[in-house]
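Here the structure is laid out as structure tokens; the discussion comes afterwards.
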């Protein structure tokens, strides 16, 4: 998957040109090609997947991005996001080989909530820990299920205000928001209600799953579908400029200096990033001030490779979301990293049946400051990674069953850490913002008649959401126009 893919003769013009071979871009390309559209998929890097990819160090493969696929439902459940994307991309469920989580936790000072892919577990936990809030929690969950169409609304509403109409305890409010924000909020301190509803359903009401092979299983399936559908992929081929004329994109100028044209351009590069590509020709045109919505939230993640299974050390949870403060602070930290809260993921602890990963993995994610990481000289950058690796893991271990330091040191056979600089390199997102801009363009429209957005800044979240974004924007802006 690391090499540029073989392809047929390049066309001078396409029905649709897609910028970015992440999950959204690939899904859109497959969907369009199934309906006979000539599609060209442009990707600046030599690997597909965007943030959800992998890299190698000393022959060992490290997943980037993927902790878990959300929206998992058992076979036979209909009408859910996962079922919809499988149908529209003509993917058989068995191809993804998704295995459900065993069980996760949210850990705050003085309180802990367990949850699985069975929503009744979280409901019973809320009743146990917050008995006075259970009726409000149930009424909130019922209202969330009725917000199916909210993702298409342009107006943004505070998730915290919505929660407070049902729940009075601020600790429970923060505990519910912590996993949802870490897995999908581009806004500091709050979420848009539509994003909250999407994430609440996808994490708490549906759930987590993962293939044994991790992200490579997912990208492998999509790569095969791209080939079967006849999508032309140009890897190592970035976009330098979108040349604007007559109200639309007239040509896509490549980093190489060449240009391609298409009836429609679909960009998964991000809203601000896409508009910046248009500015060379658009000048000071009357376009929305999307720059003000540039995302700032980014993360570091440490990866420890173990010689044993995490369960052998007493670490049996799938994912743990933690916070050590009286209130949950979800914002760009003043320092390089904020280790007060984060997510701990054990990829080994999904229900793979009688199969196991050959090595153990411990992944810890915390909020980080892109601007501060970006300014570090290379030698200082490496020292900072080493220092913060230790601090992040020391913070996370407070929420894990205790393990002897000497035993843990013997068990760690390799380690690595990626930072906001890594994320910016994989995604091209300004500020290394994992979840893109703070304001989502839910209809995918831009000021230009044939240029549309898909992916993170369109508004659907997670791997499942990203693919659905690509599908829905392809359906709405191309296939519905046939």
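Just so it is clear, none of the values below were taken in a lab; they were calculated from the coordinates. If you're wondering where the values come from, they're calculated on a predicted model, not measured in any experiment. Methodologically, a virtual Cβ is constructed for each residue, glycine included, from the backbone with ideal geometry; neighbour enumeration extends over all protein chains shown.
Which peptide among 365-375, 116-126 comes first, and what is the full order, when sorted by highest mean count of other Cβ atoms within 10 Å?
365-375, 116-126
Could you work out the relative contact order of the chain, using alpha carbon pairs under 8 angstrom and six or more residues apart, expressed as a whole percent?
Reported as a whole number, the value is 24 percent.
Given 0.36 nm per residue, what is the gain on full extension from residue 390 to residue 93 after removing their alpha carbon distance, in nm?
Difference between extended and current length: 103.0 nm.
Could you tell me the calculated FRET efficiency between residue 409 and residue 119, based on Cβ-Cβ distance and R0 = 35 angstrom, to the nearest 0.05?
0.35
Is the shape of the stretch 296-426 rounded, prolate or oblate, going by the alpha carbon gyration tensor and its root eigenvalues a ≥ b ≥ c, with a/c under 1.5 for rounded and a/b larger than b/c for prolate?
Note, shape of the stretch 296-426 comes out prolate.
To make sure I understand, if each residue's beta carbon is the centre and we count other beta carbons within 10 Å, what order do 457, 192 fall in, fewest to most?
In order of increasing Cβ crowding within 10 Å: 192, 457.
In what sequence do 67, 34, 429 fall when counting other Cβ within 10 Å, fewest first?
34, 67, 429
So for each of 52-62, 308-318 I average, over its residues, the number of other beta carbons within 10 Å; can you give me the resulting order with the highest mean first?
Going from most to least packed, we get 308-318, 52-62.
Taking R0 as 30 Å, what FRET efficiency do you get between residue 111 and residue 142 from their Cβ-Cβ distance, rounded to the nearest 0.05?
Given R0 = 30 Å and the Cβ-Cβ separation, E is 0.80.
Taking 0.36 nm per intervening residue step and subtracting the Cα-Cα distance, what contour gain separates residue 352 from residue 158 on full extension?
66.0 nm
Helix 119-129 versus the longest principal axis of the chain: what angle, 0 to 90°, nearest 10, using Cα atoms?
Tilt of helix 119-129: around 40 degrees.
Sort 143, 390, 273 so that the residue with the fewest other Cβ atoms within 10 Å of its own Cβ comes first and the one with the most comes last.
390, 143, 273
By per-residue mean of other Cβ atoms within 10 Å, what is the highest-first order of 226-233, 379-386, 292-299, 107-114?
For the peptides 226-233, 379-386, 292-299, 107-114, the packing ranking is 292-299, 226-233, 107-114, 379-386.
Only one of the values (i) 38; (ii) 49; (iii) 44 was calculated from this structure for percent of Cα pairs over 32 Å apart; name its label.
For percent of Cα pairs over 32 Å apart, the calculated option is (i).
Between residue 57 and residue 334, how high is the FRET efficiency from 1/(1 + (r/R0)^6) when r is the Cβ-Cβ distance and R₀ = 41 Å? Nearest 0.05.
That gives a FRET efficiency of 0.85.
Pairing the Cα long axis of helix 271-282 with the longest principal axis of the chain, what angle in degrees results, from 0 to 90 and rounded to the nearest 10?
30
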